[in-house]
Amino acid sequence: MNDVPRSRTSGIDRTLQVMDILAERQVPMSTYDLAKSAGAPVSTIYRIVDELIERDMLSRGPNNSVWLGPRLMRYGLIYRARMDIFSLARHEMQRLVEATGETVQICARDDGMMLVIGMEEGEGHFRVTSNVGTRVPLNWTASGRLLLGHLDDDERRDAFAATARPSHTGMAETDPDILAAQARADFEARLAVQFNASEFSVACIAAPIRDETGACVATISIVLPDRKAGERRDELARAVQEAASAVERSLGR
């Protein structure tokens, strides 16, 4: 008889799974679809969802759909307010928007994904789909490469091998060896540029924000139409690098 105990998923793990699925999909879902996506018993997910709704961690939407709750915003705002790097980068983000007229984002790494943690829109009618809270694979973006650029060769390659995925445009590099080499070169140059990898006709010009150890802890980037990026590449590259350097000086680097 096999005495090895069966593994069980804890209530906390299931709760985080529900939150992660909603954050990843970025749309309200039915409890049944949540259970199916989590690979969990429907009865278990129904119980967890009901408890989280009672505590304002989740909320009910149209057709009994489930979405993130207002209590999460309070936690998120408090957490973000304590992030010195975000507070410092936000000032440079706003200054960069005024100087260039373009949309500027601050991004950080969230495991194998790049996460947009701050955004200020430029003038005009240009809009990007990657708003605050958007997570995309690291290999889709200029910022994603920079966020791994400080790691050693094996770590960079392993990270890309584990997380790289084809983008919707089909233009994002997926080869981990190529990505690892490019990430290091971009980090050393303190500049990464990407065209049409995550969205058609959209370019990103990004610079790393490094902490006192030299690790890339965030990026600041300009997101704009690819045509304008080609025309203003050198000017905007200098501007985004100067903004990143200003944040680093404020951090004491």
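Structure notes:
- GNM flexibility winner over the chain from Pro176, Pro225, Pro28 (Cα, springs under 10 Å): Pro28
- Helix 84-100 and the longest principal axis of the Cα set of the chain meet at an angle near 50°.
- Extension reserve of the Ser65-Glu121 stretch, reckoned as 0.36 nm per residue once the Cα distance is removed: 17.1 nm
- Charge sum, other residues only, whose C-beta stays under 14 Å from Met29's C-beta, Lys/Arg counted +1 and Asp/Glu -1: 0
- Estimated inter-spin distance, Ala215 and Glu235, nm [label 7 Å along Cα→Cβ]: 3.7 nm
- Principal semi-axes of the equivalent ellipsoid, √(5λ) from the alpha carbon gyration tensor of the stretch 83-250, are 22, 19, 14 Å from largest down.
- Residue-wise HN-Hα couplings along the stretch 50-61, as the Karplus relation 6.51 cos²θ - 1.76 cosθ + 1.60 with θ = phi - 60° gives them from phi, are 4, 5, 5, 5, 4, 9, 6, 7, 10, 9, 8, x Hz; Gly and Pro carry x.
- Restricting the GluC sites (Glu not before Pro) of the stretch 200-241 to loop positions (DSSP other than H, G, I, E, B) with no more than 16 neighbouring Cβ atoms within 10 Å leaves Glu212.
- Segment Leu77-Arg165, length gained on full extension (0.36 nm per residue, minus Cα span): 28.6 nm
- Value of [θ]222 nm, deg cm²/dmol, for the chain, DSSP H segments ≥ 4, -39500 (n - 2.57) each, nearest 500: -15500 deg cm²/dmol
- Tensor-based shape of the stretch 11-74 (alpha-carbon gyration tensor, a/c under 1.5 rounded, otherwise prolate or oblate): rounded
- Placing dummy labels 7 Å off each Cα toward the beta-carbon, the span from Arg55 to Ala181 is 5.0 nm.
- Relative contact order (%) - criterion: Cα under 8 Å, at least six apart; region: the chain: 14 percent
- Seen from Glu102, the other residues with C-beta closer than 13 Å to its C-beta sum to a net charge of -1, counting Lys and Arg as +1 and Asp and Glu as -1.
Laboratory data are not the source of any read-out in this text; all were calculated from the coordinates shown. Source: prediction; values computed, not measured. In this analysis, Cβ positions are derived from the backbone assuming ideal geometry, glycine residues included, and neighbour counts consider all displayed protein chains.
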